[in-house]
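The values are calculated or read from the model by the stated rules, or taken from the named source; none is laboratory data. Predicted model, so just to flag it, every value in this text is computed and none were measured. Here the Cβ positions follow ideal geometry from the backbone for every residue, glycine too, while neighbour counts run over all protein chains shown.
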Amino acid sequence: MHSSFAHDLKTARRRSGLSQADCGHLLGIAKRRVSAFESGKVLPSVPEICSLSLIFGRTFESLFSSVFLEVRTELRARLATMPSQASGWLGRFNRRHTLNTLAERLEDSRMHRA
């Protein structure tokens, strides 16, 4: 999971002509932290991800496509084994709606890859 992001980040940085020091400066972090991102040792924080997205002109999802793929797979498995809920009808309705919408999103993501 981390290695694919690390490779994509390193490739994006190199294509942009920026050094790790340049990226570190733009992110307000040390060059060694950028190196840790690119080696897959550390994932960036949410503010760092937002900055990387702006720096390289890529969406969050495109930067973390391998992470999204893994999370979608895990969510599909967990969704299939959701326990039933015994609360009031409104809670059941809202829960069912949320779970159905999630299932649709997960299915849509499968179709986009095909």
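Checked against the criterion of being surrounded by 13 or more Cβ atoms within 10 Å (Cβ to Cβ), among the small types (Gly, Ala, Ser) and outside the structural domain of Leu106 (by TED's automatic domain parsing), the range 41-50 contains not a single residue that satisfies it.
Applying the criterion of being in contact (Cβ under 8 Å) with a residue 12 or more places away in the chain and of a type in the set (S, T, N, Q) to the residues of the range 34-85, the residue that is nearest to Ser3 (Cα to Cα) is Ser39. If you check Leu43, Leu9, Leu75, Leu69 for being outside any helix (DSSP H, G or I), hydrophobic (A, V, I, L, M, F, W, C) and either under 27 Å from Glu107 (Cβ atoms) or modelled with pLDDT under 95 (or both), only one passes: Leu43. Against the criterion of being surrounded by 11 or more Cβ atoms within 10 Å (Cβ to Cβ) and at pLDDT below 95, Ser16 qualifies. If you go through the range 24-40 one residue at a time, how many are in a helix (DSSP H, G or I) and within 20 Å of the chain's Cα centre (by Cα)? Counting residues in the range 24-40 that are in a helix (DSSP H, G or I) and within 20 Å of the chain's Cα centre (by Cα) gives 8.
Within the range 73-91, none of the residues are in contact with a Ser or Thr (Cβ under 8 Å, 6 or more places away or on another chain) and surrounded by 13 or more Cβ atoms within 10 Å (Cβ to Cβ).
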